[in-house]
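Engineer: This is the structure I have questions about; it appears just below.
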Amino acid sequence: MDGLFLSANGNDSKKFKGDIRSPGIPSRVIHVRKLPNDINEAEVISLGLPFGKVTNLLMLKGKNQAFLEMNTEESAQTMVSYYSSVTPVIRNHPIYMQYSNHKELKTDNSPNQVRAQAALQAVNAVQTGSMSLSTVDGAGMGSQSPVLRVIVENLFYPVTLDVLHQIFSKFGTVLKIITFTKNNQFQALVQYSDGMTAQHAKLSLDGQNIYNACCTLRISFSKLTSLNVKYNNDKSRDYTRPDLPTGDSQPSLNAQTMAAAALTAPGIISASPYAGAHGFPPTFAIQQAAGLSLQGMPAGAFASLGVPGAAAAAAAAAAAGRLSLSGYTAGGNSVMLVSNLNPELSYLLVGVYGDVMRVKILFNKKENALVQMSDGTQAQLAMSHLNGQKLYGKALRVTLSKHTTVQLPREGHEDQGLTKDYSNSPLHRFKKPGSKNYSNIFPPSSTLHLSNIPPSVTEDHLRGLFLSSGAVVKAFKFFQKDRKMALIQLGSVEEAIESLIKFHNHDLGENHHLRVSFSKSTI
């Protein structure tokens, strides 16, 4: 039988085994494997949207698999061909797909299928600009608050109000946004003109990553039906009232630099037509992709989105997590020029924001050094967080260098020890994929996070250690559940920076070396 019938329980156990057909025999039905446990229908649908219309869906959540039906065999061929060279990644899971033995999916009225059809209608409505979703109220698409509550988890890269506006604007006109931090989480309230538009946005964006494998959106409906915005600044904005004052919270130079760093991060969700359940075209990050050629992406694959082909394809590849862009390095230049910092110390301080590969002290300016990170994104993070910070009475200067690499001296040529190679250093914080350190990157603050503390080391011991360097210790607290970690609050941010440099990797005995990083918490 050519058709795969969707049974009442949403499964097809009899025909399921051995379903995958030879990659050389195309079919409109695509078998998708290795899906995350908590994946939703919209995320699976979105895998096919850049290549054509998705006409049907069967979810096999218990098997972490799904069947996706495209409107034409040509669309399916384009999709399978593209994803064979650029593996899509959803929530840090690589997704795999091949043609199915079945020519089409036949639907029934099971709850699973009703939900899949509702998701298809919602996403198609977003694409066409239609608002006719009243027919799927039974699937939870009824009237809701026009205000969404957004929590950004695993905040590795900075997320600004403007980034949120670009993401949510695809689904309709965003009227107001308020951002804030609560329970140590970056959150936002986003108001649309009506509840249906908010429902579209929630369906397509909930659970998606703004950047690859981080900055995850958790979206729910707010109890509020309208937001009261008093100021237009970097924390809040009323797009219907451009006349509002800015208040006290002016966007700082550092905030602007952080936003620039965010634009160069790999996999930015708003740079992609569909990045997971991606429902928005490239807007502010399109310049990043413009003019770049994408190897293996057929022309016109994104024509239905009204997006320039090369730019959209580049953005989609970035979102997929496997960039195959000729002449493009994720994040840009990885070499920085660091001034007003003893070059011997730059490795320890800059290493908070990425893995330092090499440092070259400038021959004629010994307080200046070229510092090469493992990638451009880490260089941007270090620059945005450290430029302008005070250290030993001087303001640090951290800028991107015109050099693209720090060359080691050729064999037999000495450079008086000016070039240091740290590529195999045991102090690298980010060499392990998925390391917790990725989610604990914060700007310099007066509070330090201490870890790897042996049981025998007391509060008095640690207070004395930091006092010995001349710092003022304002407060100290061990973590209740894990006394291997503690917070220590010093007299100033400058003291904290100096103490981090001095005591990171300090030997506490019992084969324990102290780990020191900046904390977003206070005591």
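The values are calculated or read from the model by the stated rules, or taken from the named source; none is laboratory data. The structure presented is a predicted model; accordingly, all values stated were derived computationally and were not measured. For neighbour counting, all protein chains shown are included, and Cβ atoms are generated from backbone atoms with ideal geometry for every residue, glycine included. The protein model used for the area step is the full one, side chains on, heavy atoms only, and it has no ligands, DNA or RNA in it. Shrake-Rupley method; radii C 1.70, N 1.55, O 1.52, S 1.80 Å.
Engineer: For HIS93 and THR225, what does the FRET efficiency come to when R0 = 41 Å and r is the distance between their Cβ atoms, rounded to the nearest 0.05?
Structural biologist: E(calc), rounded to 0.05, equals 0.65.
Engineer: Cβ neighbours within 10 Å, averaged per peptide: list 345-353, 385-393 in order, most packed at the top.
Structural biologist: Ranking the peptides 345-353, 385-393 by packing returns 345-353, 385-393.
Engineer: Treating only the Cβ atoms of Lys and Arg (+1) and Asp and Glu (-1) as charged, compute the dipole magnitude of the stretch 29-123 about its Cα centre; round to the nearest 20 debye.
Structural biologist: Using only the charged Cβ atoms, the result is roughly 260 debye.
Engineer: Enumerate the amide H contacts of MET357 below 5 Å, restricted to partners 5 or more residues apart or on another chain; note that Pro and chain-start residues carry no placed amide H.
Structural biologist: For MET357, the qualifying residues are GLN372, MET373, SER374.
Engineer: On to the next question. Leaving ligands, DNA and RNA out of it, rank ARG33, ARG429, ARG397, ARG149 by accessible area with a 1.4 Å probe, largest first.
Structural biologist: Details: ARG33 65, ARG429 35, ARG397 115, ARG149 85 Å².
Largest to smallest exposure gives the sequence ARG397, ARG149, ARG33, ARG429.
Engineer: Could you let me know the centre-to-centre spacing of the stretch 381-451 and the stretch 453-518, using Cα atoms, in angstrom?
Structural biologist: So the two Cα centres are separated by 21 Å.
Engineer: Ordering ASP415, ASP460 from largest to smallest accessible area (1.4 angstrom probe), what's the sequence?
Structural biologist: Ranked from most to least accessible, the order is ASP460, ASP415.
Engineer: Pop out the ³J(HN,Hα) list for the stretch 29-37 in order, Karplus 6.51 cos²θ - 1.76 cosθ + 1.60 with θ = phi - 60°, rounded to Hz; leave Gly and Pro as x.
Structural biologist: Listing the rounded values in order: 9, 10, 8, 10, 10, 6, 7, x, 4 Hz.
Engineer: Between HIS413 and ASN154, what is the FRET efficiency for a Förster distance of 51 Å, r being their Cβ-Cβ separation, to the nearest 0.05?
Structural biologist: Calculated transfer efficiency: 0.70.
Engineer: Shape of the stretch 335-421 from its Cα gyration tensor (a ≥ b ≥ c, root eigenvalues): rounded if a/c is under 1.5, otherwise prolate when a/b > b/c, or oblate?
Structural biologist: oblate
Engineer: Would you kindly derive the ³J(HN,Hα) couplings of the stretch 75-83 from the backbone phi angles with the Karplus curve 6.51 cos²θ - 1.76 cosθ + 1.60 (θ = phi - 60°), listing them in order in whole Hz, with x for Gly and Pro?
Structural biologist: Rounded to whole hertz, the list is 4, 5, 4, 4, 5, 5, 4, 5, 6.
Engineer: Ordering THR55, THR458, THR225 by how much accessible area each has at a 1.4 Å probe, largest first, what is the list?
Structural biologist: Ranked list, largest accessible area first: THR225, THR458, THR55.
Engineer: Turning to a different aspect of this structure: Any chance you could look up the accessible area of VAL114 with a 1.4 Å probe, heavy atoms only, rounded to 10 Å²?
Structural biologist: That residue has around 70 Å² of solvent-accessible surface.
Engineer: Shifting gears a bit: For ARG358, tell me the accessible area in Å² from a 1.4 Å probe, rounded to the nearest 10.
Structural biologist: 60
Engineer: Over 21 Å between C-alpha atoms is what I'm after, so list which of LYS182/LYS502; LYS61/LYS436; LYS431/LYS477; LYS366/LYS420; LYS390/LYS432; LYS436/LYS481 land there.
Structural biologist: Among LYS182/LYS502; LYS61/LYS436; LYS431/LYS477; LYS366/LYS420; LYS390/LYS432; LYS436/LYS481, the Cα-Cα distance tops 21 Å for LYS182/LYS502; LYS61/LYS436; LYS431/LYS477; LYS390/LYS432.
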